[in-house]
Amino acid sequence: MKVTVKFWSYFRDLTECDETSLEVNEGETLGDVHSKVMAKFPELAEMKNSTLKAVGVNYQMDEFVLSDGDEVSLFPPVQGG
Amino acid sequence: MKTQLTLTPNPINETPPEMSDGMGAVVVFHGVVRDTEDGKSIRAIDYEANEAMARHQFELIFDAIEKQWPVESIRLVHRVGEVAVNEASLRVEVIAPHRAEAFAACQFLIDEMKLKVPIWKRALH
């Protein structure tokens, strides 16, 4: 299966790209994908504990099991207002 | 409850509230860009939104407000893109029968926004 991972705010500066595609196995979770992304982009590892994660338009926990075509978003704490 | 949500690069222009006869409180909050950020002088803030997710998260907050307070309407405008110092980046208008629920709902909305709505800022010097 393939999922798209989008980066927002200064995460985009750290990865020097807007998004990346990852191959994931059946049953793999959002946490698994986050680990794969940090392996691919070590610059994100420092923000591991403060990274917010969403699939589509909803926040999800690390245990969320991904499906083919899911769009994952990774971003730093939000700052609206 | 009626809601109106706008994410826009344009300046926020106020329009008079529409409200029914039973409503006695209109709370309006403007968030304005300050001239310093982290102790340094700035000229503007550049706001970025994950727009689809931001809209969805705002709708979830509106739903939570509707369950908790008898609010008639909420109108919210958040700027995206560059907003100069002294300009409003956020306008929230909450209309309710009494001031207590209007203030409480407005406070709740902004607190929740700052935790959940994917909008980020970048100071421009």
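Mind checking whether some residue in region B:84-92 is more than 14 Å from chain A (Cβ to nearest Cβ), under 18 Å from B:VAL33 (Cα atoms) and among the polar types (S, T, N, Q)?
Looking through region B:84-92, at least one residue is more than 14 Å from chain A (Cβ to nearest Cβ), under 18 Å from B:VAL33 (Cα atoms) and among the polar types (S, T, N, Q).
Taking B:ILE95 as the residue in question, decide whether it is more than 12 Å from chain A (Cβ to nearest Cβ), modelled with pLDDT of 95 or more and touching a Phe, Trp or Tyr at 6+ places or on another chain (Cβ under 7 Å).
Against the criterion (more than 12 Å from chain A (Cβ to nearest Cβ), modelled with pLDDT of 95 or more and touching a Phe, Trp or Tyr at 6+ places or on another chain (Cβ under 7 Å)), B:ILE95 does not qualify.
Could you tell me which residue of region B:19-58 is farthest from the other protein chains (Cβ to nearest Cβ), considering only residues that are closer than 24 Å to A:ASP18 by Cα and without any contact (Cβ under 8 Å) to a residue 12 or more places away in the chain?
Only one residue tops the list, namely B:ALA52.
If we keep just the residues of region B:45-91 that are of a type in the set (Gly, Ala, Ser) and over 21 Å from B:MET23 (Cα atoms), which is nearest to the chain's Cα centre (by Cα)?
So the residue we want is B:SER89.
List, please: which pairs have Cβ atoms under 8 Å, are six or more places apart or on different chains, and start with a residue in region B:100-125 that is at the interface with another protein chain (Cβ under 7 Å from one of its Cβ atoms) and end with one that is among the aromatic types (Phe, Trp, Tyr) and part of a helix (DSSP H, G or I)?
As it stands, the answer is B:MET113/B:PHE58; B:VAL117/B:PHE58; B:TRP120/A:TYR10, since those pairs meet every condition given.
The values are calculated or read from the model by the stated rules, or taken from the named source; none is laboratory data. Keep in mind that what you see is a predicted model, and the values were worked out from it rather than measured. For neighbour counting, all protein chains shown are included, and Cβ atoms are generated from backbone atoms with ideal geometry for every residue, glycine included.
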